[in-house]
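S.K.: Before I ask anything, let me first share the structure, which is written out below as structure tokens.
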Amino acid sequence: MQHHRRTFIGRALVLGSAAPWAFASTGAYPDKTVRIIVPYPAGGATDNLGRLAGQALQQALGQSFIVDNKGGGGTTIGTRALAQSEPDGYTLGMIDSAFTINPGLLGARLAYDTQKDFTPISLIASAQFVLVTHPSVQVKDLAGFLAKAKAEPGTLAYGSAGVGSGPHLAGEQLAQQAGLKVIHIPYKGGGTVISDLLGGQVQFA
């Protein structure tokens, strides 16, 4: 978890409120389709990893694993659906750093308990954050970006996968440490951020 709070973002596969013995009564597992809830729209990193995990599980276990995208609310909509699912092992979920961030941001308003309502299964992937810009920003390195952002306060906007997501907090941390005034544009998921970055609707991510 320390990596999530520094420069890494991780994605993990979890089980919604299912105790280990939930599988015992159903015989051979799985004997029907398993749903994997991804708390983002299609096209982002967590979605892609969820689909890869589903394919691997399907090949290994001989049963269908389908991805169910439930984006919005900084991942809280999809994660709440996972928490409220039947505890039978047939609904899995993908989580990322927003899962550990949201309790601190939302407190009692969070509709689930991150420590009690889920059973972790496996870390799927971790990766370092990188800063990327649209060509119109016309900078070649971080020093050039910081110089431009300081010279033109309030003109550069960055996109994130939602309020409380790792990219959101990374952007805010960069702005705070470097003394920048930038604009945060929250999206429901990273796929849309990439599209808008390529189209120039946001200047960096």
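S.K.: Counting only residues that are open to solvent by 30 Å² or more (accessible area, probe 1.4 Å) and either assigned to a strand (DSSP E or B) or among the hydrophobic types (A, V, I, L, M, F, W, C) (or both), how many does region 90-117 have? Step through it out loud before you land on a result.
M.R.: Narrowing region 90-117 to residues open to solvent by 30 Å² or more (accessible area, probe 1.4 Å): 100-101, 103-109, 111, 113-117.
Now narrow it down to the ones that are either assigned to a strand (DSSP E or B) or among the hydrophobic types (A, V, I, L, M, F, W, C) (or both): 101, 105-106, 108, 111.
Counting residues in region 90-117 that are open to solvent by 30 Å² or more (accessible area, probe 1.4 Å) and either assigned to a strand (DSSP E or B) or among the hydrophobic types (A, V, I, L, M, F, W, C) (or both) gives 5.
S.K.: In addition: Between a residue in region 132-156 that is within 24 Å of residue 194 (Cβ to Cβ) and any residue that is part of a helix (DSSP H, G or I) and among the aromatic types (Phe, Trp, Tyr), which pairs come within a Cβ distance under 8 Å, given they are 6 or more apart or on different chains?
M.R.: Pairs that qualify, where the first residue is within 24 Å of residue 194 (Cβ to Cβ) and the partner is part of a helix (DSSP H, G or I) and among the aromatic types (Phe, Trp, Tyr), are 133/145; 137/145; 139/145.
S.K.: Working only within region 180-205, note down all residues that are open to solvent by 60 Å² or more (accessible area, probe 1.4 Å), at pLDDT 95 or above and either touching a Lys or Arg at 6+ places or on another chain (Cβ under 8 Å) or outside any strand (DSSP E or B) (or both).
M.R.: Once the filter is applied, which keeps residues that are open to solvent by 60 Å² or more (accessible area, probe 1.4 Å), at pLDDT 95 or above and either touching a Lys or Arg at 6+ places or on another chain (Cβ under 8 Å) or outside any strand (DSSP E or B) (or both), region 180-205 yields 181, 198, 201.
S.K.: What residue, of 136, 195, 160, is closer than 24 Å to residue 54 by Cβ and not β-branched (Val, Ile, Thr)?
M.R.: Going through 136, 195, 160 in turn, the sole match is 195.
S.K.: If I filter region 141-164 for residues that are assigned to a helix (DSSP H, G or I), of a type outside the set (A, V, I, L, M) and within 22 Å of residue 68 (Cα to Cα), do I get at least one hit?
M.R.: Looking for residues that are assigned to a helix (DSSP H, G or I), of a type outside the set (A, V, I, L, M) and within 22 Å of residue 68 (Cα to Cα), one finds none in region 141-164, hence no.
S.K.: Do you know which residues across region 118-130 are loosely packed, with under 14 Cβ neighbours inside 10 Å, touching a helix residue (DSSP H, G or I) at 6+ places or on another chain (Cβ under 9 Å) and among the aliphatic types (A, V, I, L, M)?
M.R.: 127
S.K.: Sticking with this structure for a sec: What number of residues within region 147-170 satisfy the criterion of being more than 26 Å from the chain's Cα centre (by Cα) and either of a type outside the set (A, V, I, L, M) or within 29 Å of residue 98 (Cα to Cα) (or both)?
M.R.: 7
S.K.: Only one of (1) open to solvent by 50 Å² or more (accessible area, probe 1.4 Å); (2) aliphatic (A, V, I, L, M); (3) touching a His at 6+ places or on another chain (Cβ under 9 Å) fails for residue 161. Which number is that?
M.R.: Here residue 161 meets the rest and fails (1).
S.K.: Would you check which residues across region 26-69 are part of a strand (DSSP E or B), more than 17 Å from residue 162 (Cβ to Cβ) and under 15 Å from the mean Cα position of the chain (by Cα) and list them?
M.R.: Correct list: 36, 67, 68.
The values are calculated or read from the model by the stated rules, or taken from the named source; none is laboratory data. Predicted model only: the values in this text are computed from it and were never measured. We place every Cβ from the backbone using ideal geometry, glycine too, and count neighbours over all the protein chains shown. Areas reflect the complete protein model, heavy atoms only, side chains present, ligands, DNA and RNA absent. Shrake-Rupley method; radii C 1.70, N 1.55, O 1.52, S 1.80 Å.
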